[in-house]
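The values are calculated or read from the model by the stated rules, or taken from the named source; none is laboratory data. Computed from a predicted model, the values in this text were never measured in an experiment. Cβ: placed from backbone, ideal geometry, glycine included. Neighbour counts: every protein chain shown. Only protein heavy atoms, including side chains, enter the accessible area calculation; ligands, DNA and RNA are left aside. Shrake-Rupley method; radii C 1.70, N 1.55, O 1.52, S 1.80 Å.
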Amino acid sequence: QVQLEESGGGLVQPGGSLRLSCAASRSIFSIPIMRWYRQAPGKQRELVATMLSGGTTNYQDSVKGRFTISRDNAKNTVYLQMNSLKPEDTAVYYCNALKNAVTYWGQGTQVTVSS
């Protein structure tokens, strides 16, 4: 069982930055895949960024060059650094972990990009 808790969301102006954190209840060293998803009002949840345990990362095209996923195994935390934010990035952002064919979700954190 893995419990995930996101933090770091908030209101930011277009062009601004936020860093989201996802704290896990146990060591993330053994979790093969960590991901960030987001869900905007009236839309389906979509995959934003993926990080494999070996360090490989992958991003949705719309966030490439602006978002960076990283992990700190010592702190059992995964981060999503978001720069050059746009109004269309407004959504609830969810942390996700996949281990032994079981998927775990956090409760989400709201990100609002607006002037």
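What number, in percent, do you get for the relative contact order of the chain if the mean sequence gap of Cα pairs under 8 Å and at least 6 apart is divided by its residue count?
Worked out over the chain, it gives 38 percent.
When only Cα pairs under 8 Å and 6 or more residues apart are kept, what is the percent relative contact order across region 63-115?
About 28 percent, as a whole number.
Are there any trypsin sites (Lys or Arg not before Pro) in region 1-86 that are in a DSSP loop and have at most 11 other Cβ atoms within 10 Å? List them by number.
Within region 1-86, the qualifying trypsin sites (Lys or Arg not before Pro) (loop, at most 11 other Cβ atoms within 10 Å) are Lys43, Lys64.
Quick check: the distance between the Cα centres of region 1-44 and region 92-115, to the nearest angstrom?
Taking the Cα centre of region 92-115 as reference, the centre of region 1-44 is 5 Å away.
Classify region 57-115: rounded, prolate or oblate, from the alpha-carbon gyration tensor (a ≥ b ≥ c, eigenvalue square roots; a/c under 1.5 rounded; otherwise prolate if a/b is larger than b/c)?
Prolate is the answer for region 57-115, as a/c is 1.5 or above and a/b outweighs b/c.
What are the radius of gyration and Dmax of region 2-43, computed over its Cα atoms and given in Å?
13.3, 37
With all distinct Cα pairs included, what does the Kirkwood hydrodynamic radius of region 1-98 come out to in Å, to one decimal, could you say?
Radius from the Kirkwood sum: 13.6 Å.
At a 1.4 Å probe, what is the % contribution of carbon and sulfur to the accessible area of the chain?
Answer for the chain: carbon and sulfur cover 47 percent of the accessible area.
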